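The next block holds one structure in the form of structure tokens; read it before the comments.
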Amino acid sequence: MKNNRWLSLTILCTGFLLIVVDVTIVNVALPSIQRDLGFSQSGLAWVINAYLIAFGGFLLLAGRLGDLFGRKRIYLIGLAIFIGASVLCGLSFSQPMLIAARFVQGIGGAVSSAVILAMIVSLFPKPDELAKAFGIFSFIASAGAAIGLLAGGLITQAVSWHWIFFVNVPIGIVTAALSFRLLASDRGIGIEKGVDVIGAVLVTVALMLGVYTIVQSSDYGLGSARTVAFGALAVGLLAAFVVRQALAKTPILPLRIFASRKLTAANGVQALMSSAFLGFFFVASLDLQRVLGYGPMAIGLAFLPVAVVMGLFSVRFSALLINRFGPLTVLVSGQMVIAVALTMLGFGPANANYAIHFLVPLALLGLGGGLSFPSLTIIAMADAQPSDAGLASGLLNTTGQVGGALGLAVLATLAGARTLNLVHDGATTTAALAGGYHLAWLVGAGTVVITLALTLSLLRTRTSQEMELDLDEDEAVA
């Protein structure tokens, strides 16, 4: 039984790895896709944006559907959608076909990944085993980015861009077959009392519009009238959704879930941490390519220290540390390490030497991520009731996704503005680009410091209160 649980975790992580790798593997193939299908530069962005909009829009709804209809069922449905859409992406012979297939692929990715955390919680009720399981999951989530860059460069150069989608098919089919056979079935809480269709539509449209606004802000500007108007509309739809949830008999997102300060604060920390961490990968990729002249394969190899160190600590040491010192202490330690690493990169020279100026900060980022994200996941999921675990899982994934998209937009805008200012001041193009990227890293470091303050003020306060309540209850019983 114990071996089956760890085998189930392996299957779930393999399914999630497919989703994570797909996000970055496409980036490397974009120039080939542009040549073959005749995309303009602005049109090419929709190969990425179509996926992100669907993925971010459906995460929360998919998590709740897992609670209602059974998480294994929703997970398998998501995998099936993702595999089918991957086939369509690989067969695409026109721009509209590829963009539409990528949108459907994003839906499949959201539906399958939204329930994974809840399934892991149900598999590992013991805190020590859960910490180790979340460590493995966090490693997959981070290492997938580097794997995607490596695989994308190798497949695109060796065969063609079509195969970056086709490789999902055999792996996905095997994963789905093993999932169907080995994952424990669950019935879900059912829909006997009805389903809040209006709420489902409101939250999905609001999140899709929000992600759309964020990803398009790189073209129109964060402060443009278009961005502000669409952003206000997305916020208005979210507000209408909240009102609907307060009034509906069977809400998609029961507002009681936010009564847990742990869950609410952890989601805020997740959004900010994701904006800094994912923003780092984006900005560092540009710096390695445009400033240091690295190719696709070299960029993927350059990020290996992050994946290796994060994997080592996530899988081997984070669970031991969490069980010894508690998730809050480990989370704080990881946040401090990430802030130091980003600061080192931000103050590094323009023409950096990889071995001297990148290797140590990248290893520290892996260490910080390996300590932080498993701990944060444990804190976020700790107060979720079994009937709401899928919703809590979808919510955590949603805040990470939306926070990461917003972070990319903000950091890209700040880096671009800094670069233009440096060019106007007479700096060379290379020096100006480096100056913009270094500013983005420093802003990322500042963001992590903010998450550290939130963690210490909100999560620590709540933990102390809970300990006092538990002590009072014990004394009352005595």
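Read-outs: derived from the displayed coordinates by stated rules, not from any lab. The structure displayed is predicted, hence computed values, not measured ones. As a convention, Cβ positions derive from the backbone with ideal geometry for all residues, glycine included, and neighbour counts pool all protein chains shown.
Some notes on this structure:
- Residues Leu304 and Leu178, FRET efficiency given R0 of 22 Å [Cβ-Cβ distance, rounded to 0.05]: 0.20
- Overall shape: prolate for the range 257-478, with the ratio a/c of the largest to smallest alpha carbon gyration tensor axis at 1.5 or above and a/b above b/c.
- With a Förster radius of 25 Å applied to the beta-carbon distance between Ile189 and Leu247, the computed FRET efficiency rounds to 0.80.
- In plain terms, the chain is cut at each of the trypsin sites (Lys or Arg not before Pro) found in a DSSP loop with at most 13 other Cβ atoms within 10 Å, and the longest leftover piece is 250-478.
- Within the range 336-380: backbone nitrogen closer than 17 Å to the Arg324 label point (7 Å, Cα to C-beta): 367-368, 370-372, 375
- Cα gyration tensor shape for the range 1-192, rounded if a/c is under 1.5, else prolate or oblate: prolate
- Calculated semi-axes √(5λ) of the Cα gyration tensor in Å (choose from (1) 73, 24, 18; (2) 33, 27, 23; (3) 49, 25, 21), label: (2)
- Karplus (6.51, -1.76, 1.60) ³J(HN,Hα), θ = phi - 60°, over the range 52-65, in Hz, Gly and Pro reported as x: 5, 5, 5, 4, x, x, 9, 4, 5, 4, 5, x, 6, 4
- Cα gyration tensor, the range 82-164 - rounded (a/c under 1.5), prolate or oblate: oblate
- Simple label model, 7 Å out from Cα along Cβ direction - Val235 to Ala355, nm: 5.1
- Note, ³J(HN,Hα) from phi for the range 276-281, Karplus 6.51, -1.76, 1.60, rounded to Hz, x at Gly and Pro: 6, 6, 5, x, 4, 4
- Extension gain from His424 to Arg290, taking 0.36 nm per residue of separation minus the Cα-Cα distance: 46.3 nm
- 3J(HN,Hα) from dihedral phi, the range 376-389, Karplus parametrisation 6.51/-1.76/1.60, rounded to Hz, x for glycine, proline: 5, 5, 4, 5, 5, 8, 4, 9, 6, 5, x, 6, 10, 4
- Considering only alpha-carbon pairs that sit under 8 angstrom and 6 or more positions apart, the relative contact order computed for the chain is 22 percent.
- As a rough footprinting exposure proxy, the listed residues Thr227, Thr14, Thr250, Thr451 were ranked by other beta carbons within 10 Å of their own, and the order from fewest upward is Thr250, Thr14, Thr227, Thr451.
- A Förster distance of 22 Å, applied to the separation of the beta-carbon atoms of Gln385 and Lys126, puts the FRET efficiency at 0.75.
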